[in-house]
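Trainee: First the structure, which I've put down as structure tokens, then a few questions once you've had a look.
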Amino acid sequence: MEMRDEFIGYYRQYIKRDGADRLLQWISETDFFSAPASTRFHSSYEGGLLEHSLNVFRNLISRYPDGRGYPPESLAICGLLHDLCKVEFYKVSYRNMKNDSTGSWERVAYYTIDERFPYGHGEKTVFLIERHMRLTEDEALAIRWHMGGFDQDAKAGGYSVSAAFSRLPLAVMLHVADLEATYLTETSGRKNGK
């Protein structure tokens, strides 16, 4: 099964609330299915964002089969949609690099950031989702803080991420699933950690 079909299948199977169809339509009109997940770190290749989103969702449902009290819909929303802030975020640029094998210079494509809506990472994702579909408070906070200590507010010494993690198991679950996908499953420029 193609990853796009797998994503849409999970999305339609689990996400049923009002506005879900509008959100999926909007996603389909963006570069979500072809965008990278990063410029050079994890899944930094075409389709990396889609693959990363699927990996995070798979981690959530396999790690927490009972959802720890959360419905499967919440796990699907958080896993599949946590990085929507990355749609229309990257662009392809080119640079010359020397090919070590041939000794000649070659034009090589790479991803750069093209930030058109500088609203932060998790908070931008929450905003984009809620333009089409309402989130529960737990879903919104889990998505907002899924970066954990890597979030700029946490790096600056803010305590909100700690408060979210202390209060909401879903925030911790999403963060762990995201870390596992990023650092154990995916690697820079290589598909499926290979």
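Read the figures in this text as sums done on the coordinates, not as results from a lab. These figures come from a predicted structure and were not determined experimentally. Glycine also receives a Cβ, built like all others from the backbone with ideal geometry; neighbour counts cover every protein chain displayed.
Trainee: Got a sec to turn the phi values of region 163-177 into Karplus ³J(HN,Hα) couplings, 6.51 cos²θ - 1.76 cosθ + 1.60 with θ = phi - 60°, whole Hz, x for Gly and Pro?
Mentor: 5, 5, 5, 5, 9, 10, x, 4, 5, 5, 4, 5, 4, 5, 4
Trainee: Which value, in debye to the nearest 20, gives the size of the charge dipole of region 1-72 about its Cα centre, when Lys and Arg are +1 and Asp and Glu are -1 at the Cβ? Intermediate results must be reported in sequence, preceding the final value.
Mentor: Working: 9 positive and 10 negative charges, 72 e Å.
Dipole about the Cα centre, nearest 20: 340 debye.
Trainee: Just rank Met3, Met173, fewest to most, by other beta-carbon atoms within 10 angstrom. Working shown, then result.
Mentor: Numbers: Met3 13, Met173 23.
Ascending number of Cβ neighbours within 10 Å: Met3, Met173.
Trainee: Using a 10 Å cut-off around each Cβ, can you sort Lys91, Lys124 from fewest to most neighbouring Cβ atoms? Don't skip to the answer; put the middle values down first.
Mentor: Values: Lys91 11, Lys124 21.
Least to most surrounded, the residues fall as Lys91, Lys124.
Trainee: Right, another one. Using θ = phi - 60° and the Karplus form 6.51 cos²θ - 1.76 cosθ + 1.60, what ³J(HN,Hα) does each residue of region 130-141 get, whole Hz, x for Gly and Pro?
Mentor: 6, 5, 10, 8, 6, 9, 6, 4, 5, 4, 4, 5
Trainee: Another question about this same structure. For mean projected area of the Cα convex hull in nm², pick the label among (1) 12.1; (2) 15.4; (3) 11.2 that corresponds to the value derived from the coordinates.
Mentor: It is the one labelled (1).
Trainee: With charges set only on the Cβ (+1 for Lys and Arg, -1 for Asp and Glu), what does the dipole of the chain come to about its Cα centre, in debye to the nearest 20?
Mentor: Roughly 280 debye for the chain.
Trainee: Related question: Using the charge dipole of region 1-146 (Lys, Arg: +1 at Cβ; Asp, Glu: -1 at Cβ; taken about the Cα centre), state which of Asn99, Ser43, Leu128 has its Cα farthest towards the positive end.
Mentor: Asn99
Trainee: What is the extension gain from Phe41 to Glu29, computed as 0.36 nm multiplied by their sequence separation minus the C-alpha to C-alpha distance, in nm to one decimal?
Mentor: Numbers: separation 12, 0.36 × 12 = 4.32 nm, distance 2.55 nm.
So the extension gain works out to 1.8 nm.
Trainee: Would you list Leu168, Leu81, Leu60 from fewest to most Cβ contacts within 10 Å?
Mentor: In increasing order of surrounding Cβ atoms, one gets Leu168, Leu81, Leu60.
Trainee: Students often check this: by mean Cβ neighbours within 10 Å, which of 35-42, 13-20 ranks highest, and how do the rest follow?
Mentor: 35-42, 13-20
Trainee: Can you give the helix-only mean residue ellipticity at 222 nm for the chain, where every DSSP H stretch with n ≥ 4 adds -39500 (n - 2.57) and the sum goes over all residues, rounded to the nearest 500 deg cm²/dmol?
Mentor: On the way: 9 runs with 88 residues, N = 194.
Here the helix-only value at 222 nm equals -13000 deg cm²/dmol.
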